[in-house]
Amino acid sequence: MTKPAKKWYAVYTKPRWEKKVAELLGRKKIENYCPLNKVERVWSDRKKIVLEPLFTSYVFVHIADIEQLEVKKTDGILNFVYFLAKPAIIKTEEIEVIRNFLSEYDNVRLDKTSVSQNDQVQVTEGPFMNMEGNVLELRRKTIIVKLPSLGHNLIAEIKKSNVKVINTSSKSIGSTTASGIYRY
């Protein structure tokens, strides 16, 4: 008998329960991923790097369909994230993009937005090497990577020289040291 295929899903957690939910799922031997962002916090007497969940009230689980009920029974989990009346499936590639992004950059922030498409580009260097996406907008030092399953964007610095245009619209990216924005 073959093992059922596992897929990545996002679950909603109680506010500020992301790390606790990840720990509880781990105790149940349920593969999960709670992306943690390194953030510098400043108090009046000190500075400290702390790990905070990147996605507020989200934890990702890698499960077979038959494990969904067990996941929902976990303390702190409110429900799965739904898309078209079914638990939303997150692509493995998107989970890997998040992992790579967080290993490369500190103090990442999220920007929730709906987007339009312009130039299609391919990243030539860095953690997103060989990935293709669409330029949303050119800014001085930011890049936006859209995770379509969640409707969030990851924002970090990337040089325009690390991207090559595959399909041109009316704008050109060029090869200066400023940064471009692309959508995964």
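Which residue, of R46, R27, R109, R41, is of a type in the set (K, R) and touching a residue at least 12 places away in the same chain (Cβ under 8 Å)?
When all the criteria are applied, what remains is R109.
Among what's in the range 1-34 and is small (G, A, S) and farther than 18 Å from L102 by Cβ, pick the residue that is surrounded by the most Cβ atoms within 10 Å (Cβ to Cβ).
G26
Quick one: in the range 102-128, which of the residues that are surrounded by fewer than 17 Cβ atoms within 10 Å (Cβ to Cβ) and hydrophobic (A, V, I, L, M, F, W, C) is modelled with the lowest pLDDT?
Among those that are surrounded by fewer than 17 Cβ atoms within 10 Å (Cβ to Cβ) and hydrophobic (A, V, I, L, M, F, W, C), it is V115.
Say whether the condition of being in a loop (DSSP other than H, G, I, E, B) and without any contact (Cβ under 8 Å) to a residue 60 or more places away in the chain is met by at least one residue in the range 93-104.
Checked against the condition, which is being in a loop (DSSP other than H, G, I, E, B) and without any contact (Cβ under 8 Å) to a residue 60 or more places away in the chain, the range 93-104 yields no hits at all.
Condition first: over 29 Å from G126 (Cα atoms) and more than 19 Å from the chain's Cα centre (by Cα). Can you find one or more residues in the range 87-105 that meet it?
Within the range 87-105, not a single residue is over 29 Å from G126 (Cα atoms) and more than 19 Å from the chain's Cα centre (by Cα).
Within the group K38, K48, which residue is closer than 24 Å to L110 by Cβ, part of a strand (DSSP E or B), modelled with pLDDT under 95 and touching a helix residue (DSSP H, G or I) at 6+ places or on another chain (Cβ under 9 Å)?
Unique residue meeting the criteria: K38.
With the requirement that a residue be over 16 Å from the mean Cα position of the chain (by Cα) and surrounded by 15 or more Cβ atoms within 10 Å (Cβ to Cβ), what does the range 40-67 give you?
Passing the criteria: I63, E67.
Being at pLDDT 90 or above, assigned to a loop (DSSP other than H, G, I, E, B) and more than 20 Å from K20 (Cβ to Cβ) is the filter here, so list the residues in the range 55-92 that pass it.
A64, A88, K91
Quick one: R99 ticks every box in (1) over 20 Å from R16 (Cα atoms); (2) in the same structural domain as K28 (by TED's automatic domain parsing); (3) surrounded by 12 or more Cβ atoms within 10 Å (Cβ to Cβ); (4) of a type outside the set (D, E) except a single one, so which number is it?
Of the numbered conditions (1) over 20 Å from R16 (Cα atoms); (2) in the same structural domain as K28 (by TED's automatic domain parsing); (3) surrounded by 12 or more Cβ atoms within 10 Å (Cβ to Cβ); (4) of a type outside the set (D, E), the odd one out for R99 is (2).
The values are calculated or read from the model by the stated rules, or taken from the named source; none is laboratory data. Note that this is a predicted model, so its numbers are computed, not measured. With ideal geometry, Cβ positions are generated from the backbone for all residues, glycine too; neighbour counts draw on all protein chains shown.
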